[in-house]
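First comes the structure, then the notes that go with it.
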Amino acid sequence: MPYQRILPALLLDGGGLYKTVKFKSPKYIGDPINTVKIFNAKFADELCILDIGASVKNKINYDLIGDIVSEAFMPITYGGGIKTLSDVESLFSLGVDKVSISSAAFQNPNLVKEAVNIYGTQSIITVVDYKKTFFKGIKVYINKGNTNTSFDPIAYCLLMQDLGVGEIILQNIDRDGTFTGYDLDLLSKASSLLSIPITALGGASSYNDINELFNINVSGAAAGSLFSFARNNRDSILINYPQESDIPRLKI
């Protein structure tokens with residue numbers, strides 16, 4: 001059985017890495033290749049690379065992704081701008097371990113089914129972004145948090161599971177970059193209802209938040225700001241990652 005995983009989530013835009021707050025106010029934090037080298041040295045379990053500019057530019061930066069994969073010692077998950085089976089094939093040919101189909105999973109569910117049939121459940125995942133609406137409900141959003149799908153997050157996760165994805169990254173947009181902690185209530189509910197692994201993203205403020213997350217049997221803890229800044233200060237960039245002794249892992 002695998003152990004619970006800790007994943008740095010890195011946001012690409014153009015040739016640089018950025019960190020956002022609630023999907024807005026991107027702050028440049030460094031060069032992706034240099035950052036990958038640091039996470040290599042810290043023995044990160046896995047890296048989640050999300051290109052926030054690819055869908056806008058209608059172009060996946062295959063050259064940069066290839067360079068990242070060549071440099072990385074750990075498994076790489078990539079998401080951003082994926083719209084066709086050809087995109088998926090190209091990413092796997094570069095050596096990406098898992099491909100995340102997100103906005104396109106809502107717009108074209110058959111793409112997910114076809115990708116799963118070809119590459120297997122373990123290789124195809126999705127990122128489910130959600131936030132509060134004006135009426136205080138919680139809904140899934142696509143297109144960088146700009147389009148309300150009207151789906152409840154749990155119902156949507158169950159739909160994605162039925163399509164065959166092998167993992168779901170549940171990301172709370174309202175907590176992105178805020179250091180307010182993971183959305184434990186929804187994550188606990190999701191992990192109890194889904195049979196596939198759940199990875200949490202959005203809000204981590206400390207290694208203790210990851211400990212609390214793992215206590216509710218979530219499979220993975222992803223974080224961006226926590227692993228990018230010193231002492232939760234967005235003006236102090238410091239790439240970091242917990243040591244094995246900092247966070248006990250459970251087999252899941």
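The values are calculated or read from the model by the stated rules, or taken from the named source; none is laboratory data. As the structure is a computational prediction, the values presented were derived from the model and not from experiment. Virtual Cβ from ideal backbone geometry, glycine too; neighbours counted across all protein chains shown.
Things worth noting here:
- Residues located in the stretch 208-224, provided they are part of a helix (DSSP H, G or I), over 14 Å from LEU7 (Cα atoms) and aliphatic (A, V, I, L, M): none
- Any hit, the stretch 125-146, residues being more than 23 Å from ASP174 (Cβ to Cβ), touching a Phe, Trp or Tyr at 6+ places or on another chain (Cβ under 8 Å) and touching a residue at least 12 places away in the same chain (Cβ under 8 Å): no
- Considering residues of the stretch 173-218 that are on the phi < 0 side of the Ramachandran plot and among the aromatic types (Phe, Trp, Tyr) only, the residue modelled with the highest pLDDT: TYR182
- Some residue of the stretch 178-188 being assigned to a helix (DSSP H, G or I), out of contact with any Asp or Glu (no Cβ under 8 Å at 6 or more places or on another chain) and either closer than 23 Å to ASP45 by Cα or of a type in the set (Phe, Trp, Tyr) (or both): yes
- Residue check, ALA204 crowded, with 19+ Cβ neighbours inside 10 Å and assigned to a helix (DSSP H, G or I): no
- Restricting attention to the stretch 152-175, the residues that are free of Cβ contacts under 8 Å to residues at least 24 places away in the same chain and farther than 23 Å from VAL88 by Cβ add up to 2.
- Test: residue in the stretch 146-164 that is under 15 Å from the mean Cα position of the chain (by Cα) and either surrounded by fewer than 16 Cβ atoms within 10 Å (Cβ to Cβ) or closer than 19 Å to ALA9 by Cα (or both): no
- Residue selected from the stretch 91-103 under the condition among the hydrophobic types (A, V, I, L, M, F, W, C) and either more than 25 Å from LEU158 (Cβ to Cβ) or surrounded by fewer than 21 Cβ atoms within 10 Å (Cβ to Cβ) (or both), by the criterion nearest to the chain's Cα centre (by Cα): VAL96
- Scanning the stretch 111-137 for residues that are buried (at least 17 other Cβ atoms within 10 Å of the Cβ) and part of a strand (DSSP E or B) yields a count of 8.
- Total residues in the stretch 234-252, condition surrounded by fewer than 11 Cβ atoms within 10 Å (Cβ to Cβ) and either of a type outside the set (Asp, Glu) or in contact with a Gly (Cβ under 7 Å, 6 or more places away or on another chain) (or both): 4
- Taking (1) more than 18 Å from the chain's Cα centre (by Cα); (2) in a loop (DSSP other than H, G, I, E, B); (3) within 22 Å of ILE49 (Cβ to Cβ) in turn, SER195 satisfies each apart from (3).
- When we screen SER150, SER86, SER103, SER93 for residues that are touching a helix residue (DSSP H, G or I) at 6+ places or on another chain (Cβ under 8 Å) and among the hydroxyl-bearing types (Ser, Thr, Tyr), the only hit is SER103.
- The residues of the stretch 138-151 that are over 20 Å from ASP51 (Cα atoms) and assigned to a loop (DSSP other than H, G, I, E, B), listed by number, are THR149, SER150, PHE151.
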